[in-house]
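Please treat every number below as a calculation from the coordinates, not as lab data. All of these numbers come straight from a predicted model, not from anything done at the bench. Heads up, the Cβs are rebuilt from the backbone with ideal geometry, glycines too, and the neighbour counts pull from every protein chain shown.
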Amino acid sequence: MNLIIDGMLIAGIICAGWGGYYLGNEQAKMEQFQVISKLQEEKKLLERENEQYRLEAEKRKQEQKVLEQLDLQTDSSLQKFVTAGTSFLDKKYIPQDLETVKSAIVVDQKNGKTQLRKEANEALQKMGEKFQKDMGFPLQVVSGYRSYEYQLRIEQWGCPAQLCARAGFSEHQSGLALDLFSASNQDQWSKSEKLSKIFDWLKNNAHFFGFHNSYQKGKEVDGYDIEPWHWRYVWTDFASYLQKKNITFSQYFRNYSRINNINKNIRDKQEEEQKNSQKEDKIWDETEFQNLELQEEKNIQKIENQDNIKISDEKYNLL
Ligand SMILES: [Zn+2]
């Protein structure tokens, strides 16, 4: 009987032990599972962050590529910057690929006399198509290319500098700028419901076609009062860049000039340092050379002395 009870007792203990072991094992597995899940969750989060960093870096690289292709100096460049204080390098510059704005889509208020450069004109036609489709009426151009002589005539007629750019300083001379609908004053544009709607459309769409509203932040920033009608072709990628960064061409140019100046200062300093170090090298070389010469003289002296001894020996022998 005792044996049976003992046996049961032992079996009980084994079962309880096994049960405990089993439960303990399950709990450990569960804990391990939770740790792994947490780590996987963390990994996913980090991967998502990494992907974001990668995309941002990719975007910056693409932006950099766009900016590297810009040429803000050459007169015939699509991004030649001109404003009240910055003229064309050749003030009498005439674009070589001007063509008339003839189209069934865009209305030329000067009856086919308005001219633009080829690329700007093609972009204008495409923008005109989209404009007509979205707004239900055609895009109207009131002014495009204006020659140096034309701008000079306006100047001589007495148009004040704050209203008319001086000859050689107008974006219109680039053949890339145009005035749309009504080139009058900002007030008229903000008060007219139709013009306000047109401006909203242009603000949201013109950059897709390469156009930028040059004067939108006021005289302090852009050098001219706000002109909602004045749009300048700068190339789609650059117009989109300016739109995304919410900066005007003037702001970009100012920054670009500052960076250029800083770079020039750094280059000048580096050149100066290089010249100074070359001078030091030269001084060192000269002393080195003098030392060598001195050594050489000593050697010659030594040989001469030895020769003298020999000669005197010979003399002695002869005697
Ligand atoms: Zn204009």
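Please say if segment 173-234 is rounded, prolate or oblate, where rounded means a/c under 1.5 for a ≥ b ≥ c the square roots of the C-alpha gyration tensor eigenvalues, and otherwise the choice is prolate for a/b larger than b/c and oblate otherwise? It comes out oblate by the Cα gyration axes.
Only helical runs count toward this figure. For the chain, summing -39,500 (n - 2.57) over DSSP H runs of n ≥ 4 and dividing by all residues gives -22000 deg cm²/dmol at 222 nm. Would segment 98-247 count as rounded, prolate or oblate if I go by the C-alpha gyration tensor, calling it rounded below 1.5 in a/c and otherwise prolate when a/b exceeds b/c, oblate otherwise? Because its axes are fairly even, with a/c under 1.5, segment 98-247 counts as rounded. Evaluated with a Cβ-only charge set (Lys, Arg +1; Asp, Glu -1), the chain carries a dipole of roughly 1960 debye about its Cα centre, given to the nearest 20.
Annotation for I154 and R166: the two label points, set 7 Å from Cα along the Cα-Cβ direction, are 1.6 nm apart. Out of the DSSP beta bridges found with both residues in the chain, what percent are antiparallel (nearest 5)? Of those bridges, close to 80 percent are antiparallel.
I need the shape label for the chain. Rule: rounded when a/c is under 1.5, else prolate if a/b > b/c, else oblate, with a, b, c from the alpha carbon gyration tensor. Oblate. When only alpha carbons are used to place a centre, segment 259-278 and segment 190-236 end up 40 Å from one another.
Can you tell me which of Y256, Y53, Y233 moves the most in a GNM of the chain? Springs connect C-alpha atoms under 10 Å apart. Of the options given, Y53 has the highest mean-square fluctuation.
A simple spin-label model places the labels of S184 and K245 3.5 nm from each other, with each point 7 Å out along Cα-to-Cβ.
Using R0 = 30 Å, the C-beta based FRET efficiency linking A84 and Q109 works out to 0.70.
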